[in-house]
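**Q** The structure follows.
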Amino acid sequence: MTETRRIRKVLRSKPTMEGAGVRLNRVFGFSEVPLLDPFLLLDDFRADQPEHYRKGFPWHPHRGIETITYVLRGEVEHGDSLGNQGVIGAGEVQWMTAGSGIIHQEMPRGDERGRMYGFQLWANLPAQQKMMDPRYRDVIREQIPEVQLANGTTIRVIAGEAAGVKGPVGDIVIDPEYLDITVPANAEFRHPTKRGHTVFAYVIGGQGYFCREKTPFTFEVEGTNYFDIQRDPFVGNGSLVLFADGDEVLAFTEDQEVRFLLISGQPLGEPVAWYGPIVMNTQEELRLAFEEYDQGTFIKHRG
């Protein structure tokens with residue numbers, strides 16, 4: 001029997017400032033570890049005013065993680081210590097595996113109307129892969145398949161599979177799925193999920209429902225806390241739904257469409273030692289990483 005995942009928790013993004021002064025909304029981060037394991041952080045950097053993003057993210061290190069940047073409007077120029085440089089354009093993705101260490105910068109540029117819309121997700125690497133060679137997966141718009149279902153639902157498949165169509169990003173340790181989904185008004189969408197995987201939906205437009213219950217309900221998670229769902233549990237722009245375990249997720253709409261990122265991955269279940277842009281398993285590994293950065297020995301792979 002197929003079990004539909006229920007809502008475990010709803011998070012709302014909160015404004016913060018990062019880089020050299022970029023205003024963005026943090027959906028989850030350090031304080032949520034290990035709730036969304038293997039994912040560490042999700043930033044929503046949608047902005048209509050250039051002064052909110054133009055200072056960008058100058059040179060900074062990463063080690064032990066993967067950063068996944070998805071741009072909807074505008075573009076992001078990037079460069080790194082290995083000599084790589086390029087531009088992530090609208091509708092495109094960069095899946096960067098920092099591995100043993102990389103120093104890079106990301107500088108957003110708005111479109112002709114000054115709009116810069118995008119998201120950055122951090123995924124953790126398991127201990128045995130944290131010191132792997134860095135690598136990039138640059139995925140241009142034309143490489144991302146778009147599926148249209150009979151009820152009008154559209155799905156951009158970045159990683160994983162939807163309706164029998166596979167995305168271009170593969171061979172990733174945490175076995176991720178990354179879908180950009182739009183469900184039209186008065187429609188329902190179901191999608192199979194792997195048991196034991198962490199699954200969440202982040203709403204980026206409109207509003208929708210992610211459970212059948214439309215009255216308050218609570219249930220216990222892992223014998224610890226009770227999480228409440230609001231009286232009318234529709235979820236709108238800037239909110240994240242974390243699902244409990246199950247075989248599929250459900251989303252449906254009433255009088256307006258909903259657009260959301262559906263993301264999943266296999267939890268690592270490992271200790272997290274995290275400071276700034278570096279994530280390791282122990283405090284000693286973290287100390288060593290920053291010591292190497294200060295001494296100029298941080299980069300282990302030269303391309």
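The values are calculated or read from the model by the stated rules, or taken from the named source; none is laboratory data. None of the values given here were measured: they were computed from a predicted structure. Please note: Cβ atoms are built from the backbone with ideal geometry, for glycine as well, and neighbour counts cover all protein chains shown.
Okay, residues lined up against (1) in contact with a strand residue (DSSP E or B) (Cβ under 8 Å, 6 or more places away or on another chain); (2) at pLDDT below 95; (3) under 25 Å from ARG26 (Cα atoms):
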position: THR218; (1), (2), (3): yes, yes, no
position: GLY223; (1), (2), (3): no, yes, no
position: GLU248; (1), (2), (3): yes, no, no
position: THR253; (1), (2), (3): yes, no, no
position: LEU261; (1), (2), (3): yes, no, yes
position: TYR293; (1), (2), (3): yes, no, no
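**Q** Against the conditions (1) at pLDDT 95 or above; (2) crowded, with 17+ Cβ neighbours inside 10 Å, where does ASN151 fall short? Just the number, please.
**A** It fails just one condition, (2).
**Q** So, one more: Mind listing just one residue for me: the one in segment 61-97 that is over 20 Å from the mean Cα position of the chain (by Cα) and surrounded by fewer than 20 Cβ atoms within 10 Å (Cβ to Cβ) and, of those, farthest from PRO134 (Cα to Cα)? Working first, answer last.
**A** Applying the first criterion (over 20 Å from the mean Cα position of the chain (by Cα)) to segment 61-97 yields 79-86.
Next, from what is left, pick out any that are surrounded by fewer than 20 Cβ atoms within 10 Å (Cβ to Cβ): 79, 81-86.
Details: GLY79: 13, SER81: 11, LEU82: 9, GLY83: 12, ASN84: 11, GLN85: 14, GLY86: 16 Å.
The selected residue is GLY86.
**Q** Another question about this same structure. From the set of residues in segment 279-303 that are over 23 Å from PRO34 (Cα atoms) and among the hydroxyl-bearing types (Ser, Thr, Tyr), which is surrounded by the fewest Cβ atoms within 10 Å (Cβ to Cβ)?
**A** So the residue we want is THR297.
**Q** Next question, about the same structure. Which ranges mark the strands (runs of 3 or more DSSP E) fully within segment 45-121 that have 2 or more residues being closer than 18 Å to ARG141 by Cα and modelled with pLDDT of 95 or more?
**A** It comes to 65-73, 75-80, 85-88, 93-97, 102-109.
**Q** Are any residues in segment 20-34 surrounded by fewer than 19 Cβ atoms within 10 Å (Cβ to Cβ) and either in contact with a strand residue (DSSP E or B) (Cβ under 7 Å, 6 or more places away or on another chain) or part of a strand (DSSP E or B) (or both), and if so, which ones?
**A** Within segment 20-34, ALA20, ARG23, ASN25, GLY29, PHE30, VAL33 meet the criteria.
**Q** Free of Cβ contacts under 8 Å to residues at least 24 places away in the same chain, part of a loop (DSSP other than H, G, I, E, B), out of contact with any strand residue (DSSP E or B) (no Cβ under 7 Å at 6 or more places or on another chain) and of a type outside the set (Lys, Arg) - does that describe any residue in segment 1-15?
**A** yes
**Q** If you don't mind, there's one more thing I want to ask. Given the conditions (1) in contact with a helix residue (DSSP H, G or I) (Cβ under 6 Å, 6 or more places away or on another chain); (2) outside any loop (DSSP other than H, G, I, E, B), and given that ARG137 satisfies all but one, which numbered condition is not satisfied?
**A** Unmet for ARG137, out of (1) in contact with a helix residue (DSSP H, G or I) (Cβ under 6 Å, 6 or more places away or on another chain); (2) outside any loop (DSSP other than H, G, I, E, B): (1).
**Q** Any idea which of ILE181, ILE174 is assigned to a loop (DSSP other than H, G, I, E, B) and crowded, with 20+ Cβ neighbours inside 10 Å?
**A** Step by step, each of ILE181, ILE174 is checked, and only ILE174 is assigned to a loop (DSSP other than H, G, I, E, B) and crowded, with 20+ Cβ neighbours inside 10 Å.
**Q** Okay, moving on. Checking the condition closer than 30 Å to VAL183 by Cα and either touching a Cys at 6+ places or on another chain (Cβ under 7 Å) or among the aromatic types (Phe, Trp, Tyr) (or both), which residue from PHE290, PHE260, PHE298 passes?
**A** PHE260
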